[in-house]
Amino acid sequence: METLTDKILTSTIRQRPADSYKGTYGRVTLIGGNRNFGGAILMASAAAVYAGAGLVTTITDASNQGSLHARLPEAMFADIADVPQTHALVQGTDVVVIGPGLGTDEAALQVLTDVLRTVTPQQTLVIDGSAITLVAQHQLALPQAHLIFTPHQMEWQRLSGIAIAQQTPAANRQAVDRLHATVVVKSHRTEIYTATQTYVNPLGTPAQATGGMGDTLAGMIGGFTAQFTPLDQAVCAAVYTHSAIAEELAKTQYVVLPSQIAADLPRFMKAHEGAQS
Ligand SMILES: NC(=O)C1=CN([C@@H]2O[C@H](COP(=O)(O)OP(=O)(O)OC[C@H]3O[C@@H](n4cnc5c(N)ncnc54)[C@H](OP(=O)(O)O)[C@@H]3O)[C@@H](O)[C@H]2O)[C@@H](O)CC1
Ligand SMILES: Nc1ncnc2c1ncn2[C@@H]1O[C@H](COP(=O)(O)OP(=O)(O)O)[C@@H](O)[C@H]1O
Ligand SMILES: [Mg+2]
């Protein structure tokens, strides 16, 4: 198991070339936020925007449109009930993040099933929160795509069948190999399982133990993978950045709010950018 260090930042976050435009930095489409969990997809979307994704679209329950635009005018809105529109948006994006606040009802299952059928091998699909629970509950077939799961320990138990107390690196590795995906197993010391390597994030603070913290990480992973390569390095850099910002804020704060991490991303990323690739 390799412990991540500051090096992951400068080797991943690159100075932006002058000759670039929003298309250079990727399209991210986020899907989630039912009537009760609108905040989750809002936090994920803000994290993708503040991490620097070029174009962000949020597909969510229509009741969340006003709050989305009030908090995050940079994001475009689409109604999750409009199935053909969702299908077209997913086809036209680089990265899909699905699950924050999606819920696990029949409508959520239909949206997820359609997304799993639509994504192509060139696209990146980040599967978080309710979408992980749905994949596990319904044993959904997974597509050929760059798949990234971001479970907390209970979601990982549901997906892998490994009880939380038995989630050792060796047991996790066997389950990851069966999934053919990169898996971020979140805990107070998050582990990242790629096809070839296992990493541990040495950073993180109990000040992060608050609802929405994982939703924010999912959006950051969307933003980082839209911009930076190789893919697994982008995932590791997002996980490390999320905790590094939290640790900085926790020096003077008892609790760190997820939206504060998103707001600090542009400053933090500038302070840790490497030379142009
Ligand atoms: N503002 C919003 O809109 C927010 C919306 N959200 C959205 O809600 C949806 C449901 O997600 P969820 O994570 O809240 O619920 P679920 O999947 O049932 O897991 C909880 C169960 O697992 C257990 N558990 C054991 N170990 C654990 C661990 N390490 N970390 C966490 N849990 C652990 C835990 O045990 P307990 O605490 O009861 O002992 C409990 O039994 C999802 O779409 C998410 O995006 C949230 O992000 C919040 C803010
Ligand atoms: N004690 C802790 N130390 C470090 N990180 C933590 C701690 N508690 C929670 N986190 C981090 O907060 C996030 C929680 O994710 P998750 O449970 O999916 O939150 P939510 O679904 O509410 O957004 C993960 O990234 C996890 O690593
Ligand atoms: Mg979560």
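Observations on the model:
- Arg189 meets all of the listed conditions (1) among the charged types (D, E, K, R); (2) within 13 Å of ligand 1 (Cβ to nearest atom); (3) under 21 Å from Gly39 (Cα atoms) but one, namely (3).
- Test: residue in region 139-147 that is within 15 Å of ligand 2 (Cβ to nearest atom), modelled with pLDDT of 95 or more and either touching a Phe, Trp or Tyr at 6+ places or on another chain (Cβ under 8 Å) or not hydrophobic (A, V, I, L, M, F, W, C) (or both): no
- Looking only at region 184-215, residues that are out of contact with any Ser or Thr (no Cβ under 8 Å at 6 or more places or on another chain) and not basic (Lys, Arg) come to 13 in all.
- On inspection, Ala165 fails the criterion of being of a type outside the set (Ser, Thr, Tyr) and in contact with a helix residue (DSSP H, G or I) (Cβ under 6 Å, 6 or more places away or on another chain).
- Filtering region 1-25 to residues that are surrounded by 15 or more Cβ atoms within 10 Å (Cβ to Cβ) and among the basic types (Lys, Arg) leaves only Arg14.
- The number of residues in region 97-125 that are under 18 Å from Ile148 (Cβ atoms), in a helix (DSSP H, G or I) and either in contact with a Phe, Trp or Tyr (Cβ under 8 Å, 6 or more places away or on another chain) or within 11 Å of ligand 1 (Cβ to nearest atom) (or both) comes to 0.
- Sole residue being in contact (Cβ under 8 Å) with a residue 40 or more places away in the chain, more than 12 Å from ligand 2 (Cβ to nearest atom) and out of contact with any Ser or Thr (no Cβ under 6 Å at 6 or more places or on another chain), chosen from Gly92, Gly101, Gly129: Gly92
- Which listed residue is within 16 Å of ligand 3 (Cβ to nearest atom) and either more than 21 Å from Gly99 (Cα to Cα) or in contact (Cβ under 8 Å) with a residue 24 or more places away in the chain (or both), from Thr182, Thr210: Thr210
- Of all residues in region 126-154 being in a loop (DSSP other than H, G, I, E, B) and among the aliphatic types (A, V, I, L, M), the one that is surrounded by the fewest Cβ atoms within 10 Å (Cβ to Cβ): Ala141
- Counted residues, region 213-229 - those being more than 12 Å from the chain's Cα centre (by Cα) and either within 8 Å of ligand 2 (Cβ to nearest atom) or within 23 Å of Leu42 (Cα to Cα) (or both): 2
- Cβ-Cβ under 7 Å pairs, at least 6 apart or on other chains, region 22-42 side farther than 17 Å from Gln85 by Cα and free of Cβ contacts under 8 Å to residues at least 60 places away in the same chain, far side more than 13 Å from ligand 2 (Cβ to nearest atom) and part of a strand (DSSP E or B): Lys22/Leu55
- Residues located in region 226-253, provided they are surrounded by 23 or more Cβ atoms within 10 Å (Cβ to Cβ) and of a type in the set (Phe, Trp, Tyr): Tyr240
Listed here are the residues, each with its yes/no results for (1) modelled with pLDDT of 95 or more; (2) over 20 Å from Gly54 (Cβ atoms); (3) not hydroxyl-bearing (Ser, Thr, Tyr).
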{"position": "Asn64", "(1), (2), (3)": "yes, yes, yes"}
{"position": "Ala70", "(1), (2), (3)": "yes, yes, yes"}
{"position": "Phe77", "(1), (2), (3)": "yes, no, yes"}
{"position": "Gly101", "(1), (2), (3)": "yes, yes, yes"}
{"position": "Thr104", "(1), (2), (3)": "yes, yes, no"}
{"position": "Ala108", "(1), (2), (3)": "yes, yes, yes"}
{"position": "Val111", "(1), (2), (3)": "yes, yes, yes"}
{"position": "Thr120", "(1), (2), (3)": "yes, no, no"}
{"position": "Leu125", "(1), (2), (3)": "yes, no, yes"}
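The values are calculated or read from the model by the stated rules, or taken from the named source; none is laboratory data. Source: prediction; values computed, not measured. Methodologically, a virtual Cβ is constructed for each residue, glycine included, from the backbone with ideal geometry; neighbour enumeration extends over all protein chains shown.
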